[in-house]
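Colleague: Okay, handing you the structure first.
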Amino acid sequence: MENRLRILRAERNWSQQDLAERIEVSRQSVNAIETGKYDPSLPLAFRIAELFGAPIEDIFVSPSRRSSKAI
Amino acid sequence: MVRTPAWKRYNVRVIWLSLLYCAFLLPAVYGFKHQLVPHSVSYVVAVLPALPIIGIFGAIGRYLVEEQDEYVRMLMVRQILWASGLTLSFATAWGFLDNFGLVGHADGYWLIVLWFAGLGLGGLVNKLTLGDGGC
């Protein structure tokens with residue numbers, strides 16, 4: 001799933017490890033989510049959204065919204 | 001490989017179970033080879049080495065329950081699916097080959113060896129497709 005995680009992280013000068021520690025997952029998980037290889041569960045997506053103080057849809061791009069834009 | 005706290009606990013359990021396996025297997029092999037095992041306990045002695053292996057399956061299940069990192073847990077689940085798919089496919093094919101007399105009869109415990117090899121294959125697939133080997 002496309003997302004703005006890398007941008008949000010860069011704005012705060014956080015490494016992947018910094019973010020991983022804040023949301024209590026491994027650095028590999030952060031990398032997999034950032035690169036779109038893994039879609040987080042709803043609880044983890046909420047944890048990420050709460051950390052950045054933004055709604056989930058501002059961080060993760062809805063696949064259906066993305067495809068409708070393409071049409 | 002991602003060394004989470006749950007993974008470390010899993011490793012400790014597997015090490016203890018492996019030691020237990022050796023402790024059960026070596027006397028059983030020696031005992032049966034030299035006909036030292038009384039018939040009354042032979043089934044128990046023969047099954048004892050299987051128990052730690054069954055325990056390892058339990059440890060894997062416990063690891064999946066305890067693992068808090070959902071991505072790492074998914075990597076392990078994928079490995080288990082690869083291992084199970086490989087083992088069941090191989091057992092099915094071998095069963096028919098054996099049934100038609102085209103191959104010799106193989107001991108059942110080789111399936112366990114194949115299953116653990118399948119875990120390794122699953123790790124390789126994870127590495128190639130996701131960039132992370134998993135456990």
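Colleague: Of all accessible surface on the range B:1-45 at a 1.4 Å probe, what whole percent is carbon and sulfur?
Modeller: That share works out to 71 percent.
Colleague: Compute the label zone of residue A:57 within the range A:1-35: residues whose backbone N is under 18 Å from the point 7 Å along Cα-to-Cβ.
Modeller: Hits in the range A:1-35 for residue A:57 at 18 Å: A:1-5.
Colleague: Next question. Select from the range B:86-135 all residues whose loss of accessible area on going from the chain by itself to the full protein assembly reaches 20 Å² or more (probe 1.4 Å).
Modeller: So the qualifying set is B:130, B:132.
Colleague: With runs of 4+ DSSP H residues as the only contributors, calculate the mean residue ellipticity of chain A at 222 nm using -39,500 (n - 2.57) per run, divided by the residue total and rounded to the nearest 500. Don't skip to the answer; put the middle values down first.
Modeller: Numbers: 6 runs with 46 residues, N = 71.
Dividing the helical sum by the residues of chain A leaves -17000 deg cm²/dmol.
Colleague: Now for a separate question. Counting only protein heavy atoms, probe 1.4 Å: which residues of the range A:37-60 lose 40 Å² or more of accessible surface in the full assembly compared with their chain by itself?
Modeller: Buried by 40 Å² or more upon assembly, which counts only protein chains, are A:37, A:38.
Colleague: Further, regarding this structure: Farthest toward the dipole's positive end in the protein assembly as shown, which of B:50, A:52, B:10, given Cβ charges of +1 (Lys, Arg) and -1 (Asp, Glu) about the Cα centre?
Modeller: The residue sitting most towards the positive pole is A:52.
Colleague: Using a Gaussian network model of chain B with C-alpha springs under 10 Å, which one of B:26, B:75, B:121 is most mobile by mean-square fluctuation?
Modeller: B:26
Colleague: With every atom except the alpha carbons ignored, what do you get for Rg and Dmax of chain B, in angstroms?
Modeller: 17.8, 53
Colleague: If you don't mind, another one. Taking each residue of B:61-73 in turn, how many C-beta atoms of other protein chains fall within 10 Å of its C-beta, and what is the average?
Modeller: Mean inter-chain Cβ contacts per residue within 10 Å come to 3.
Colleague: A further question on this structure: Would you mind checking the range A:1-44 for residues with the amide N under 17 Å from a putative spin-label position 7 Å along Cα→C-beta of residue B:81?
Modeller: A:1, A:37-41
Colleague: Another question about this same structure. Report the relative contact order of the range B:47-125, percent, no decimals, based on alpha-carbon pairs under 8 angstrom and at least 6 residues apart.
Modeller: Details: 43 pairs, mean separation 30.7, N = 79.
It comes to 39 percent, rounded to a whole number.
Colleague: Sticking with this structure for a sec: Over chain A, with the other protein chains present, what is the accessible area per residue in square angstrom, probe 1.4 angstrom?
Modeller: Computed with neighbouring chains in place, this is 60 Å² per residue.
Colleague: Based on Cβ point charges of +1 for Lys and Arg and -1 for Asp and Glu, what charge dipole magnitude is obtained for the protein assembly as shown about its Cα centre, in debye rounded to the nearest 20?
Modeller: Values: 20 positive and 17 negative charges, 45 e Å.
So the magnitude is around 220 debye.
Colleague: Would you compute, from DSSP H runs of 4+ residues alone, the mean residue ellipticity of chain B at 222 nm, taking -39500 (n - 2.57) per run and dividing by the full residue count, rounded to the nearest 500?
Modeller: On the way: 5 runs with 106 residues, N = 135.
Computed ellipticity for chain B at 222 nm equals -27500 deg cm²/dmol.
Colleague: How much of the accessible area of chain A, in percent, comes from carbon and sulfur atoms when a 1.4 Å probe is used?
Modeller: 50 percent
Colleague: Could you do me a favour and compute the accessible area per residue for chain B, 1.4 Å probe, result in Å²?
Modeller: I get 63 Å² per residue for chain B.
Colleague: How much FRET efficiency would the formula 1/(1 + (r/R0)^6) give for residue B:3 and residue A:64, where r is the Cβ-Cβ distance and R0 is 30 Å, rounded to 0.05?
Modeller: Numbers: r = 37 Å, r/R0 = 1.24.
Computed FRET efficiency for residue B:3 and residue A:64: 0.20.
Colleague: Roughly how big is chain B's charge dipole about its Cα centre, with Cβ charges of +1 (Lys, Arg) and -1 (Asp, Glu), in debye to the nearest 20?
Modeller: Result for chain B is approximately 300 debye, rounded to the nearest 20.
Colleague: Continuing with this model, one more query. By accessible area of protein heavy atoms, probe 1.4 Å, what ranking do B:110, B:82, B:16, B:115 get, highest first?
Modeller: B:16, B:110, B:82, B:115
Colleague: Now for a different question. Which of A:29, A:7, A:42 sits farthest toward the positive end of the charge dipole of chain A, with +1 on the Cβ of Lys and Arg and -1 on the Cβ of Asp and Glu?
Modeller: A:7
Colleague: So how much accessible area does residue B:57 have, in Å² to the nearest 10, using a 1.4 Å probe?
Modeller: We get 80 Å² for residue B:57.
Colleague: Taking the dipole about the Cα centre of chain B, with the C-beta of Lys and Arg at +1 and of Asp and Glu at -1, give me whichever of B:86, B:121, B:31 is farthest to the positive side.
Modeller: Checking the options against the dipole of chain B, the answer is B:31.
Colleague: Mind computing the radius of gyration and Dmax over the alpha-carbon atoms of the protein assembly as shown? Å is fine for both.
Modeller: Cα radius of gyration and Dmax of the protein assembly as shown are 23.3, 78 Å respectively.
Colleague: Shifting gears a bit: Find the centroid of the Cα atoms in the range B:109-134 and in chain A, then give the distance between the two in whole Å.
Modeller: So the two Cα centres are separated by 28 Å.
Colleague: Calculate, for residue B:93 and residue B:128, the FRET efficiency according to 1/(1 + (r/R0)^6) with r their C-beta to C-beta distance and R0 22 Å; round to the nearest 0.05.
Modeller: Approximately 0.35, to the nearest 0.05.
The values are calculated or read from the model by the stated rules, or taken from the named source; none is laboratory data. Please read all numbers here as calculations on a predicted model, not as lab measurements. Here Cβ is always computed from backbone atoms with ideal geometry, including for glycine, and neighbour counts include all displayed protein chains. Note: areas computed on protein heavy atoms with side chains; ligands, DNA, RNA excluded. Shrake-Rupley method; radii C 1.70, N 1.55, O 1.52, S 1.80 Å.
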